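Quick notes on the structure that follows.
We did not get these values from a lab; they are worked out from the coordinates using the rules stated. Worth saying up front: this structure is predicted, and the values here are computed from it rather than measured. Note that we place each Cβ from the backbone using ideal geometry, even for glycine, and neighbour counts take in every protein chain shown.
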Amino acid sequence: MTMPLMRPKRKNPILRTRQMNLPPWARSRVAMGLTVAAAEGRFELQVCEDCATVQYPPREACCACVSPRLKWRPQSGAGQLLATTTLHHSNDLFFRERLPWRLGLVHLDAGPTLMVHLHGDVGDKPQRVTVGARLDRAGRAVVIGFPPSETQNMADDKMLREMTSDPRFRKVLVTDGKTGVGQALVRSLVKAGADIVWVGHAEPWKKMPGLDDITALPQVTLVPLDLTNGRSVTELAGEIGGKVDIVINNAELHRSFGIAARRGTDAAKAEMDINYFGLLRLAQEFGPALRGRAADGTIGATAWVNLLSIYALANFPPHGTYSASKAAAHSLSQCLRAEMRPAGIRVVHVFPGPIDDEWNQNMPPPKLTPEAVANAIVKALRDGIEDVYPGDVAQEWLERWRENPKVLERELAAGG
Ligand SMILES: [Zn+2]
C-alpha cells in the first residue's frame, strides 16, 4: 500500500539546486497519437477500421491485415499482469536518479501486450491491472499499470508524482483573488493540501466581497499583483519567484461585444493588457525561476496553468474582442509551453465555456460555476493533464471545432 506523502524537510540552502534530466522523449510522428490523447486524460490505441484489431505499438499499417486505415480510439485499459521486474541500474540519467523503478508486462483484454511503468500498489503477477496513459516530465505519453480499483494514497505513489503536478505540499500563486473563479481556486487548492497559496490582488486597498473569507485560511497570503504593471510583477517575482511551485494565471478582463457595437479601442486594449500582455509580463518574470527549480525534490516546481476560454479556438462575435485576446493568449501560451518543456515544467491550458459571472449574464445556460472550473484545474494538476475543456459547452464546441473549424465559424457567426 502506498504510504502517505510526508511533508518534506526544508531545503538546505547551501545545497546546489539539481539539474532537471528529462526521460527519453523521441517518438515517431504516428506515436504522437498516444500523447495527444494523454494530454486530455485519455488512453487511446489505434484500432483497424477494416478488421478491428487493436494495435500496439503505434504503426502505419494494421499488424493483422496491413490496412492503413487505423484510427485512435479510447481503451478501457483492462488487462492481466504477466510479469514484473524492478530496475536497479540504468544508463539513462533521468531513471538513474530515480531508481529503483518497477516495470511490468501487461496483456490487454483488447489484444496487445505492452510494457508499462507500474504503480506501487500493483502487486506481483498474476493479477488484474488497469492500464492508463500519462504525460511524463518530457511531455510525452507513457503507459502505466494501475491497480484495478482506487487505493488509499494512490496519488502519492513516487513514480506517479514524477508524472503529475499534485498541489499537495506545494506553494501556489493564484494571480487574481477578486473573481469567483479565483476564490474557488484558492479553496480547492487548500483542500488539496497546498502548503502556501499566494493570492494576487491588483487593488489591495479595495474591500472585495469574499476576499476576507479566503484570507482567513491559514495557508493563504494576499499579495499585491497588478498584471498591467510591469513593476508590480517584477517586485512580486523578486519576493516569491524563487519559492513558487505552481503558477495559476486566472487574471482576466472580459467585456462583451464585438467591433460594431463599441466605439474606439479602449476596452479591447484593456482586455489585451491583462489577457495577453499580463501573461507575457508574468511569464517573463516567473518563468525562469520555475524552470530552475523543476528538479527540486518531490515537491519542486512543476506546473503553470493559464485560464483561457473556449472562445480562443473560434471567435464568438457577441464577445468578439474578448475572444481575440484569448486567442492571442492561447498562442503565447503555446510558446510558453515549448519553452518550459525542456525544464520539465508542464503548461496547462484551461478552455472553459461561459462561466456564471456578470459578463456572461446574457448567455443562456448551461454555465459553469466557479467551483466547477476550480475543481477541473486541481484535477488536471493531480492527473497530469495538459489541455482541459471544463463543462458541456466547451466539450461540444471542441468536438465541432475538431470536426470542421470552418463550419463552426459559420455557425457562430449565425448565432451559435
Ligand atoms: Zn486490420
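Sort the range 5-105 into rounded, prolate or oblate with this rule: let a ≥ b ≥ c be the square roots of the eigenvalues of the Cα gyration tensor; rounded if a/c is under 1.5, and if a/c is not under 1.5, prolate when a/b is larger than b/c, oblate otherwise. Prolate.
Of all DSSP beta bridges confined to the chain, the antiparallel ones make up roughly 55%.
Taking 125, 243, 367 as the candidate residues, the one with maximal mean-square fluctuation in a Gaussian network model of the chain, Cα springs under 10 Å, is 125. Distance between the C-alpha centres of the range 332-352 and the range 79-146: 26 Å, rounded to the whole angstrom. When the square roots of the Cα gyration tensor eigenvalues are ordered a ≥ b ≥ c, the ratio a/c for the chain is 1.5 or more and a/b does not exceed b/c, which makes its shape oblate.
Build a GNM of the chain with springs between Cα atoms under 10 Å apart, and of 271, 49, 386 the one that fluctuates most is 49. Counting only residues at least eight positions apart within a chain, or on another chain, the aspartates and glutamates with an alpha carbon under 17 Å from that of residue 206 are 176, 226.
GNM remark for the chain: springs join alpha carbons under 10 Å apart, and the peak mean-square fluctuation among 100, 74, 364 falls on 364.
Remark: 296, 383, 124, 392 ranked as 124, 392, 296, 383, counting other beta-carbon atoms within 10 Å and listing the fewest first. Please tell me which of these pairs span more than 21 angstrom C-alpha to C-alpha: 243/326; 11/158; 11/243? Correct reply: 243/326. Counting only DSSP H runs of at least 4 residues, each contributing -39500 (n - 2.57), and dividing by the residue count of the chain, the helix-based mean residue ellipticity at 222 nm comes to -9000 deg cm²/dmol. Amide H contacts under 5 Å for residue 223: 199, 200, 201, restricted to partners 5 or more places along the chain or on a different chain, H placed in the peptide plane at 1.01 Å from N. Neighbours of residue 70 by Cβ distance under 15 Å: Lys/Arg scored +1, Asp/Glu scored -1, total +1.
For 397, 72, the sequence from fewest to most other C-beta atoms within 10 Å is 72, 397. Placing a label point 7 Å from the Cα of residue 266 along the Cα-to-Cβ direction, the residues of the range 359-385 with a backbone N closer than 20 Å are 359. Seen from residue 314, the other residues with C-beta closer than 13 Å to its C-beta sum to a net charge of 0, counting Lys and Arg as +1 and Asp and Glu as -1.
For the pair the range 1-32 / the range 184-212, the C-alpha centres are spaced 28 Å from each other.
Once the Cβ-Cβ distance of residue 235 and residue 89 is raised to the sixth power relative to R0 = 51 Å, the FRET efficiency obtained is 0.60. Counting neighbouring beta carbons within 10 Å and listing from fewest to most, the residues 67, 232, 325, 333 come out as 67, 232, 333, 325.
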